[in-house]
Every structure is written in structure tokens, then in C-alpha cells.
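The values are calculated or read from the model by the stated rules, or taken from the named source; none is laboratory data. All figures in this text were calculated on a predicted structure; none of them were measured in a lab. Cβ: placed from backbone, ideal geometry, glycine included. Neighbour counts: every protein chain shown. Heads up: the accessible areas ignore ligands, DNA and RNA and are worked out on the full protein's heavy atoms, side chains in. Shrake-Rupley method; radii C 1.70, N 1.55, O 1.52, S 1.80 Å.
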Amino acid sequence: MSLIDTDKTLFYYRLEKKPMSLTAYRTLGHSGLIVSPLTLGTMTFGTPRWGAPDEVSESIFHAYVDAGGNFIDTADVYAKGRSEELIGSYITDRSLRDQLVLATKFSFHGGEPGNANAGGNGRKNMHRALEGSLRRLRTDYVDLYWMHTWDMVTPVEEVLQSLGDLVRVGKIRYFGFSNVPAWYTAKAAAIATAHNIPGPIAMQLAYSLVERSIEREHLPAARECGLGICAWSPLAAGFLTGKYEREEAGASGQGRLIGPNPFGNQMFTDRNWRVLDTLRTVATQVDRPLAQVALAWVSVQSGITSPILGASLLDQLYDNLASLDICFTPEQMRTLDESSALDPAFPYSIFTSEVNRSIFGGAIVQGWR
């Protein structure tokens, strides 16, 4: 067992054996921004085929807020801006602006043919994108502005200065990075600290029982830099709900992963089917649906502030919220952990308790936490 795994096991044993609620608020990273333990993701709002009709989106939004949730996540490209428009109308109709933490994103192209500056993380596109989002959201500021992805081009110094300027003029309150290399975020955080300027407070990254890659670099970087993590796709685009059946050429079923989708067939691997089988075993033990168990596992991981829910039906939202009631035994956590563990990769295979002892002459030395 590696030192990282040992630390995680200790965390599991420290878990309070009582359910959480949507009003068990916490700060996002080392900041004063207070958010719910589950975020309402709104990629389904206004999205055809696998999304939710407008009336269903509205019922999902109100149910989440009425249950005590305060963290709403969207993006300028969700349903080509329709998601932001719907959220803006829901918030305005109930005068909820001061009550909610409203987050949106920029980076992807705004759909202007031939205009390269209508995409990316440069200052020009950042301002274009933000003005459009503010208009659709019917507000004059955003609580959390996410850089949606690393564009592989814009210098981190420009991104920091541009977002910091938006904080200073009050158009955004905080900012974070989504879908970025860990080194990029760590560099930004280090520059911000050294120069006493606004820096990122969080990362938004894919994380689930079948996608644990961020444990290698991103989670340690977040811990060192004081960043929260919002986990997107904690149910692996619906794979961990059990809605798909294994077939020789992939899978069958009804959902986002059938037909054209950003994931292709990458979810339908031998490893992932094995993880799903283990999830079924634990779900039977706790007598809960697979989705609730998978989401509860993400929620209790050290460093994860607020997993992002994506519901296209009201019942799905209620089902996801019920995951906060689940309390695992240490054995159940070990079972889920071991079945979904990452394959060894250099240099992490070196960082073991055995190597720790050899470095310190046979003694086990635990660092400060």
C-alpha cells in the first residue's frame, strides 16, 4: 500500500458515522466562498436527445434549491447558451441571486465562423464570453468563473492577470480552472501567492470510480495549493448507474453513451465492467441504488469539495441527493477502492511505505498533515 493510500485509509476511519445534508455547507478551497456538498450541474438544461425539457429543468432547479442547495454550475456552451438563459430566468423569477453561488465557464468557441479570437483563454475572448454569459444569466456578476479547459496557447500570466482584473472590477468574485494539467494550476497558484494577487480557488475535473487519474497529480496539487475540487461526471456519464448491458461490440441501453457522444466506447472496458460488478455488490450490502453508492464514494474522498450532479429527470435528482445519507464501513470502502485502483505508473510506484522505511533506516516517518 502506498503512502497516499495509507493516508486515505486513515481518512475513511475518521469519517463521522452519520448522514450529511445538502445544507452541510463548506468553503470552496482556501476561500470564503460557501457551497453545498453537491453541486447542481445544468448541462442537461435545454439539451436535446439526452437532456431535459424546459419544464423538467425548472422542476429540477427548484427542487435542488428548496432542499437547501446553493451551488449552480453551467457554461456558455451548454445547449449553445440555452442553459444559461434558463438558469437566469429561474433565478430572476424567485429573486435568488444573492442566495445562490452561480458558476459558469468560458474557453470554447462562440460559434463565429472564421474568428479565432471567439475562443480560447486570451483576454479578448474572455471578455467576449463573460459579457454574453452575464446577459443570458440576467446578472451583473458571476460568483465563480471557470476557465473551461487549457487552450495550450495562452500564457498562464495573461490568464491570471485577466481574471484578476475581473475580480477587481467586480464582474466575477472568484475563479477556478477546469480540465487543466496539474502543473498549470500549480504554477498559477504559485505566481498568485508570490505576487499577492487573486489566484484560482478550485479545479473542476472528471472523477469517479472508473476515472481516478486525478489522484496522481491533481489531488496532491490541490492539497498543496489550497484548492477545492468539484468532480464532474461522478457517475461516469451514467455508466455507473447500471443502465447499460455488456455486449461483444460495446454495450446496449438507453442513455448518453449510446450513439454519438464525447466518450465514444471508452467507458465499456473490461476494467470498468469489473468495477461495476463490485459496485453492485456494495450496493446490495447497503440496499441502495448503484448511482447513490457511486456518488457517495466520490463525496467522501479526501479533497473533493462538491461533486456535480447531472439530472435529466426530477426523480434522478432526488435519487442523487439521497446519496448524502449513505455511510460506508471501512471494509466497504476498501472493496470499492481496491476494485477501482489505478494501475501503477512511474514515479508513483516508488512512493511506498517500504521505500519510506529504506530512506529512513528502517523507521517509518510520517510527514506533517
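Output the residues belonging to region 336-354 that are open to solvent by 50 Å² or more (accessible area, probe 1.4 Å) and part of a helix (DSSP H, G or I).
Selection gives Glu338, Tyr348, Ser349, Ile350, Glu354.
From the list Arg97, Arg173, which residue is of a type in the set (Lys, Arg), part of a strand (DSSP E or B), within 27 Å of Phe45 (Cα to Cα) and within 23 Å of the chain's Cα centre (by Cα)?
Of Arg97, Arg173, the one residue that is of a type in the set (Lys, Arg), part of a strand (DSSP E or B), within 27 Å of Phe45 (Cα to Cα) and within 23 Å of the chain's Cα centre (by Cα) is Arg173.
Among (1) over 24 Å from Val159 (Cα atoms); (2) buried (at least 21 other Cβ atoms within 10 Å of the Cβ), there is one condition Ser95 misses while meeting the rest; what is its number?
(2)
Kindly establish whether Ala103 is open to solvent by 10 Å² or more (accessible area, probe 1.4 Å), of a type in the set (A, V, I, L, M) and either within 21 Å of Gln316 (Cα to Cα) or modelled with pLDDT of 95 or more (or both).
no
Considering only residues that are open to solvent by 60 Å² or more (accessible area, probe 1.4 Å) and not basic (Lys, Arg), look in region 25-53 and name the one that is nearest to the chain's Cα centre (by Cα).
Met43
Look at Ile87 and say whether it is open to solvent by less than 10 Å² (accessible area, probe 1.4 Å), part of a strand (DSSP E or B), in contact with a Leu (Cβ under 7 Å, 6 or more places away or on another chain) and free of Cβ contacts under 8 Å to residues at least 60 places away in the same chain.
Spelling it out, it is not the case that Ile87 is open to solvent by less than 10 Å² (accessible area, probe 1.4 Å), part of a strand (DSSP E or B), in contact with a Leu (Cβ under 7 Å, 6 or more places away or on another chain) and free of Cβ contacts under 8 Å to residues at least 60 places away in the same chain.
Consider region 139-184. How many of its residues are buried (at least 16 other Cβ atoms within 10 Å of the Cβ) and of a type in the set (Lys, Arg)?
2
For region 195-217, name all the residues that are of a type in the set (D, E, K, R) and open to solvent by 20 Å² or more (accessible area, probe 1.4 Å).
Glu211, Glu215, Arg216, Glu217
So which of Asn117, Asn70, Asn125 is of a type outside the set (Val, Ile, Thr) and open to solvent by 80 Å² or more (accessible area, probe 1.4 Å)?
Answer to the check: Asn117.
Just to be sure I understand, how many residues within region 313-335 are open to solvent by 60 Å² or more (accessible area, probe 1.4 Å), of a type in the set (Ser, Thr, Tyr) and either touching a helix residue (DSSP H, G or I) at 6+ places or on another chain (Cβ under 7 Å) or assigned to a helix (DSSP H, G or I) (or both)?
Of the residues in region 313-335, 1 are open to solvent by 60 Å² or more (accessible area, probe 1.4 Å), of a type in the set (Ser, Thr, Tyr) and either touching a helix residue (DSSP H, G or I) at 6+ places or on another chain (Cβ under 7 Å) or assigned to a helix (DSSP H, G or I) (or both).
Just one of (1) open to solvent by less than 60 Å² (accessible area, probe 1.4 Å); (2) touching a residue at least 40 places away in the same chain (Cβ under 8 Å); (3) more than 30 Å from Ala341 (Cα to Cα) trips up Pro220, so point out which.
Exception for Pro220: condition (3).
Gly41 - would you say it is at pLDDT 90 or above and under 19 Å from Lys105 (Cα atoms)?
Considered against the rule, which asks whether it is at pLDDT 90 or above and under 19 Å from Lys105 (Cα atoms), Gly41 comes out as yes.
Kindly evaluate Ile60 against the criterion of being over 30 Å from Val169 (Cα atoms), touching a strand residue (DSSP E or B) at 6+ places or on another chain (Cβ under 7 Å) and among the β-branched types (Val, Ile, Thr).
Yes, satisfied.
When you scan region 292-308, how many residues do you find that are of a type in the set (Gly, Ala, Ser), open to solvent by 10 Å² or more (accessible area, probe 1.4 Å) and over 13 Å from the mean Cα position of the chain (by Cα)?
Residues that pass the stated criteria total 1.
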